[in-house]
Amino acid sequence: MLTLLYTTWDPSTGIHLGPITLHYYSLMFIFAFGLGYFLMTKIYKIDGVNEKYVEPLFTWTLVGTILGARLGHVIFYQPELFKEDFWSVFLPIRTKPTFEFTGFSGLASHGATIALIFTTLYYAYKIIRKNPFWVYDRIGIPVALGGAFVRIGNFFNSEIIGKAAPENSPFAVLFPQQSSEYGPIVPRYPTQLFEAAGYFLLFVLLWILYRYTKKKYQQGWLFGLFFIILWAVRFFVEFLKEPQGDEFIHFAGLNTGQVLSIPFMLAGFVIMWTSKNRMITEEENEKPD
């Protein structure tokens, strides 16, 4: 291996189990949902809400996240897959040029967010019978932490990499496994870790505000803050990222990820501003509507 002045990131692709490889990206998803289940159970216990409501939330969140993230990626970044390899859109496989088990790959956070909004609406109205913003305020906490794990999974996969970085930069990383779509293998910014750090700090902030302030009784305030910060992190890190596939959404020099993040940030401000109209008492917090 060459002796370089910057970090070289060249890990194994995953844990090999015979003909199947359990990719680290898939493991990060497992960690994200496992911790999410644990955190939501703890949150419901803190709020005095029956923990039987956690399991259906977990199920709807899992289905909405994976299906929405996959469809979001294909629609926004790889629409040609609908024609070229239809089954790979919905299943963790690739059928062309040869059959291959790929695990979770090609997922877009914007698509996951849109799907999660709708599945949570169903859960809020039909299952737990609470104001949807009550659920959104709480689900944003594990989602922020889960987002950090997903970006760490991207780092393991050497994907969603950054633009070329100066060789003397303390952040310069060489990704020998990077996809051929990114051109020459040169030291690049580890944008996956930048995003992961931002999402982890957001998780810490939301947890502190949830546990040690009364903001959880102002339905939508925590969720609005979550939207603003999460998508702001995404927006600014995008300046250092390489394009993801054939991006066809551009505006004023901004890429697809940035353009799609702006409406979510604006929605966050509106949700926070109107949250003062959705105040509840501690007693109301503990029971279904």
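The values are calculated or read from the model by the stated rules, or taken from the named source; none is laboratory data. Being a predicted model, the structure only gives us computed values, none of them experimental. We place every Cβ from the backbone using ideal geometry, glycine too, and count neighbours over all the protein chains shown.
The table for this structure:
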quantity: Among (1) under 25 Å from residue 211 (Cβ atoms); (2) modelled with pLDDT under 95; (3) of a type in the set (D, E, K, R) - the single one residue 195 does not satisfy; calculated: (2)
quantity: Selection status of residue 212, at pLDDT 95 or above, closer than 19 Å to residue 44 by Cα and not polar (S, T, N, Q); calculated: yes
quantity: Scan of segment 125-164 for residues that are acidic (Asp, Glu) and buried (at least 22 other Cβ atoms within 10 Å of the Cβ), ordered by number; calculated: 137
quantity: Residues of segment 38-54 that turn out to be farther than 17 Å from residue 124 by Cα and surrounded by fewer than 19 Cβ atoms within 10 Å (Cβ to Cβ), as a count; calculated: 4
quantity: Of the criteria (1) of a type in the set (D, E, K, R); (2) in contact with a Gly (Cβ under 6 Å, 6 or more places away or on another chain); (3) within 30 Å of residue 128 (Cα to Cα), which one residue 238 fails; calculated: (3)
quantity: Qualifying position, being surrounded by 12 or more Cβ atoms within 10 Å (Cβ to Cβ), of a type outside the set (Val, Ile, Thr) and part of a strand (DSSP E or B), among 22, 62, 35, 67; calculated: 22
quantity: Entirely in segment 171-289, the helices (runs of 4 or more DSSP H) that have 3 or more residues that are buried (at least 16 other Cβ atoms within 10 Å of the Cβ); calculated: 191-212, 221-237, 256-274
